[in-house]
Structure formats: C-alpha cells, structure tokens
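Nothing in this text is a laboratory measurement; each read-out follows from the coordinates by a stated rule. Remember, it's a predicted structure, so these values are computed and weren't measured experimentally. Here the Cβ is made from the backbone with ideal geometry for all residues, glycine too, and neighbour counts use every protein chain on show.
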Amino acid sequence: MSDELPDSPHTASEPVPPPAPAVSAEPTPALPPEPPAPAAEPLPEPPVVAEPLPEPPVSTPQGAMVAAEGRRRVSGLVVLLAVLAMLAMVMAAVEWRRAEVLANSRDQRRAVERAASAFGQALLTYDFNDLAAARSRVTSLATDRFSQEYSGALAGGLDTAITRLKAVSNATVKDVYVAEPTDDTAHAVVTLDSEVKSTAGTRQTVSSYLELSLLRQGGQWKVDVVTSIGALDRRNTATTTTVPAPSSTTSGPPATSGTGAN
C-alpha cells in the first residue's frame, strides 16, 4: 500500500485563491469621541378624553307619573310648612293680644275696686265735729251729679241731725265685688261693717251692702249712683240715763194713816 496524500479539495482545474493580505502592525488611530446624545424631549401627554355624559333616562309614561307625584308631594309639603308657620304666627299674635287684654282688664278691675272701696268707707265715716271734711272726701270720689245730691242731703237737715245727736260713725270695708268693666262704665258691690255712736245710743251694722255705678272721668273712676241693698244684721243699744232718786226726808209732819180715834 502506497502512502498517498489525499487529494486536495481543489482540483487542478480550479484556480487557487490569492493569499490574504498581511495585516499592518501600525496602531489604529483613535476614533473621535461621540457627541453627547441630545436630551430626550418629553413625550406629549395623551389627550384627556372626556367621559361621555350619561344619557338621560328614557322618559316613560310611568316614570313621568312618578316624577309628577314626587313634585306634588314636595310642593304639598312646602305649602303645609308655610301654612303651619302662618298659623303659629297668628296664634302667637292672638295669645299676645289676649294676654294684653287680660292684663288691661285686670288693671281696670283693680282700679274700680280701689275706687269703690274708698267711696264706701268715706260715705259711712263721719264726725259731727267736722262734717265739711267728710263731705270733701265723698265728693272727691264721686261725679258732679252725685256730689250735688249728697251735698243737698246734708244741707236738707242731715247735717243738723248728726250735729244734734253728736254722731260719730266709722266704717270698715269687708269685701268688694266688681263686675267686668267696660271702657267707661263699671259696677261694684261693697260690703261694710259700721258703727255709729251718738247721744241716742250705739248702732252696729253688720255686712251692709252698697251697690255702686261708676263712670271713668279724666282717667279716674267716679261713683255716679249709690243704692243701699240692705244689711245682714243691725244692733241698736240705747243710751241709759240715770235719773236721781227723790230725797226720803220731807218737811212737815209725817203723814199718818188710820181710821181715827174711837
């Protein structure tokens, strides 16, 4: 066996490629530095897409009826609240007016009570030593009409009788009953106890009733009419006068009695 070289992969008919050029041993020049990369531009913000508005609900006859019913209820509630507020205001005004009327009526009743009480006591209180003062007290609490009647009664003989009997009277008011007064008129009943002392004796009157009609004149209540209704009890105590007994000593011969001598 002969040692034969393997056949070259290139046949004799194929040209042999030229050898590769030799690499130079010179150093490779350095490359210039690369310019800095430009700053990155901010990316544009994505456009804001508005969300679509919700579409209104489709109106249906049933929905329209429900909405109308709701509006009617709200409207009715508003009207009810307005009516209640107005009623509250009216009631407050009525109560305020009622309180004012009651206060005014109470003040008027007290004024009538004071006038009637003072008049009743003045009418039944007098002293024979100063009837002028008694007349002044009565007339200051009475109208001109009653003052003339009272002064006429005194001048007609009443003052003479009081002075002759040396009468002194004192009265005490027990109760005063006042009816509801009007703007200018009032009525009252006065109950009094009185005691009159005179030379004829002592007269005590228990619960005498005087009915008075009053008029308001110049802002003051004046008595215009007086009516004596009566009294529950009257007690009279006569004054006892001591008469001196005659002397038991007589002049002259003593009286004899007998049938005479036999």
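Remarks
- Footprinting exposure proxy for K166, K222 (fewest neighbouring C-beta atoms within 10 Å first): K166, K222
- Fewest neighbouring Cβ atoms within 10 Å first, the residues E51, E180, E211 line up as E51, E180, E211.
- From least to most packed, judged by other beta carbons within 10 angstrom and beginning with the fewest, S117, S151, S136 follow the order S136, S151, S117.
- Förster radius 30 Å - calculated FRET efficiency between K174 and L131, Cβ distance, rounded to 0.05: 0.75
- T163/E211 FRET efficiency (R0 41 Å; Cβ-Cβ; nearest 0.05): 0.90
- Here the simple spin-label model places points 7 Å from the Cα toward Cβ, and for A92 and E195 these points are separated by 5.9 nm.
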